[in-house]
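The values are calculated or read from the model by the stated rules, or taken from the named source; none is laboratory data. Just so you know, these numbers come straight off a predicted model, no measurement behind them. Every residue, glycine among them, receives a Cβ derived from its backbone with ideal geometry; neighbour counts consider all protein chains shown. To get the accessible areas, we keep the full protein, side chains included, count just its heavy atoms, and leave off ligands, DNA and RNA. Shrake-Rupley method; radii C 1.70, N 1.55, O 1.52, S 1.80 Å.
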Amino acid sequence: MNDLMSVVDWSRWQFALTAMYHWLFVPLTLGISVIVAIMETIYYRTRSERWLAVTKFWMLLFGINFAVGVATGIILEFEFGANWSNYSWFVGDIFGAPLAIEGLLAFFMEATFIAVMFFGWTKVSPRFHLAATWLTAIGASLSALWILIANAWMQYPVGMEFDPAQMRNVMDNFWDVVLSPVAIHKFCHSVFSGWTLAGVFVIGVSSYFLLRRRNREFAFRSIKVGGWVGMAGILLTLWSGDGSAIDVARVQPMKLAAMEGLYRGKCAQEIVAVGLINPAKTPENDEKPYLFDISLPYGLSFLATHDPYAFVPGINDLIDGIELTPEGDTIRTVSYAERIAMGKQAHEALRAFDAATAAGNAVAADSAATALKQNYKYFGYGYLDSPYEAVPPVALTFYSFRVMVIAGSYLLLFFVVMLLLAYRFPAALSRRWLQWVGMLTIPVVWVCSEAGWVTAEVGRQPWIIQDLMPCRAAVSAVSAGSVQLTFWLFALVFTAFLAAEMCIMLKAIERGSKQDYESLKD
């Protein structure tokens, strides 16, 4: 068992490492492709050589980032077969379908038109080149769409049925998978946050141009386009985040409880704006959940349901299977102990089905299949030994959620100020401290983006498929030592990728800051 858990932990760390590195590149690709397309549209309409130079500069940075992001993404998909083969077998028909569509349609489309973007300036008409640029941006978003549909299915498994004869899940409704509200909100939240990140990146690099006192007009044009895309991104991210919060409250209430560090909920539940988690607090003791907190009345109830008086269950409420009505009446739901018992009954029924099928006893097989179907909703709980194993890491989920929200609030203010100054008080952007704010906001937006990913993925632990398969049941039959070795190899390779990209990016930015864009015709 200890070796199994070591394999599970190292496999989780390896996947988290790969995903977090990959997520450094994906949002910038999603956002800057749209910014480049807008800039080229302006060039197409004005035929300004300055706008052409602006477009080509940001297109170069997009291409550098795109290449490194593809490399990390390919490794990420291979890890499902290498380290998570049980998972791949259990849901391969469902999880594999969106990934196959992404590879055959979206990525092919993206890769085709990106070649026209970079090498077709003199080989195709301006209109066709502009179309290729927009299709590259659309292809990037479509690629993200299918990957996020697959991820959303792991958070909220729908559109499938378990086939005991194959001992795996099979898709029975493609559109339930694709049009899941969790998938729609996740896609919107991820893509729009990419717009936000790219907007900050463009403003930050433009601030460096202003700091070097070169290409002032180039910087102002970039700040305006980046600022508007970033502003649209942060507003739409807030909108989609509201939908995601309602989804989490509905289908992953334990994640919401961990995000809030909430152990006992109530009607009209407040939300903690700022707080420190008590490290001694567990679901099994009576310690206070926070060492310090500042809360907003009714906040969590409104966030989760849009009803300020609604009941929001805490960790212990969910474990005990307790809910409250607005009148204070107690409602009994399925406790986690009961879920574990039902899950183990489902496991027994599956084994009985397999034995009956092998013996050719159709009646016994049908009976076992019926029992399995009745309890399959909590199949994954049968792998757990204690209800407390279903509680995610509370402190990490709590803090990462607040880092995301606080940083996101700052970014909204940042875009408002930068756009106001760019249009009404452009001379203010010549102040060195403000230019440093623009540049230093670049790491802030990446921290915000990574914190959102940590909240979404750590908050659903221990599940790789919500309620159906914990991580411990999904790993491959490999040794812990081999996973450790590849973990450190990947850490070395990905760090080298990141260092290489940063060096190439910085050289391209430095070279761009020295070019004379002001002499070009407008």
Can you pull the percent of the chain's accessible area that's carbon plus sulfur, 1.4 Å probe, other chains left in place? 67 percent
Sequence-separation-based contact order of region 276-416, relative, with Cα cut under 8 Å and 6+ spacing, percent: 17 percent
Furthest towards positive pole of dipole, S386, S367, V437, structure part region 318-446, Cβ charges: V437
Region 320-443 - accessible surface per residue (Å², probe 1.4 Å): 54 Å²
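Measuring with a 1.4 Å probe in the full set of protein chains, what accessible area per residue, in whole Å², belongs to region 119-163?
42 Å²
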Can you give the percent of C-alpha pairs in region 195-331 whose distance is more than 20 Å? 59 percent
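Please give the length that would be gained between D354 and D93 if that part of the chain were fully extended, namely 0.36 nm times their separation in residues minus their C-alpha to C-alpha distance (nm, one decimal).
Between D354 and D93, full extension yields 91.9 nm more.
Explain nothing, just the number: relative contact order of region 29-71, from Cα pairs under 8 Å at least 6 residues apart, as a whole percent.
44 percent
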Treating only the Cβ atoms of Lys and Arg (+1) and Asp and Glu (-1) as charged, compute the dipole magnitude of region 204-344 about its Cα centre; round to the nearest 20 debye. 1280 debye
Just flag the trypsin sites (Lys or Arg not before Pro) in region 1-75 sitting in loop per DSSP whose Cβ has no more than 16 other Cβ atoms within 10 Å. R47
Among the DSSP H helices of the chain, those whose Cα atoms extend at least 15 Å along the helix axis and whose mean Kyte-Doolittle hydropathy is 0.0 or higher are 2-46, 49-83, 85-101, 107-119, 126-155, 181-211, 216-251, 362-375, 394-424, 432-458, 480-514
Using +1 on the beta carbon of Lys and Arg, -1 on that of Asp and Glu, and nothing else charged, what's the dipole of region 1-150 about the Cα centre, debye to 20? 900 debye
How far apart, in nanometres, would the label points at Y388 and D9 be if each is projected 7 angstrom from Cα along the Cα-to-Cβ direction? 1.7 nm
Explain nothing, just the number: relative contact order of the chain, from Cα pairs under 8 Å at least 6 residues apart, as a whole percent. 21 percent
Taking the dipole of the chain about the Cα centre (Lys, Arg +1; Asp, Glu -1; charges at Cβ), the one of W58, A198, P283 that reaches farthest to the positive side is W58
Put +1 on the Cβ of each Lys and Arg and -1 on the Cβ of each Asp and Glu in region 120-262; which of A137, T237, L148 then has its Cα farthest toward the positive end of the dipole? A137
Assigning unit charges at the beta carbon (Lys, Arg +1; Asp, Glu -1) and nothing else, what dipole magnitude in debye, to the nearest 20, does the chain show about its Cα centre? 2700 debye
From DSSP H assignment alone, runs of 4+ in the chain each adding -39500 (n - 2.57), the sum over residues rounded to the nearest 500 puts [θ] at 222 nm at -24500 deg cm²/dmol
Relative to the present Cα-Cα distance, how much length would full extension add between R127 and H306 at 0.36 nm per residue of separation? 59.8 nm
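Specify the longest stretch of the chain that does not include any exposed loop site, a site being one of the GluC sites (Glu not before Pro) with a non-H, G, I, E, B DSSP assignment and at most 16 other Cβ atoms within 10 Å. List each step's numbers first, then the result.
Working: sites that count: E284, E287, E327, E518.
So the longest stretch without any such site is 1-283.
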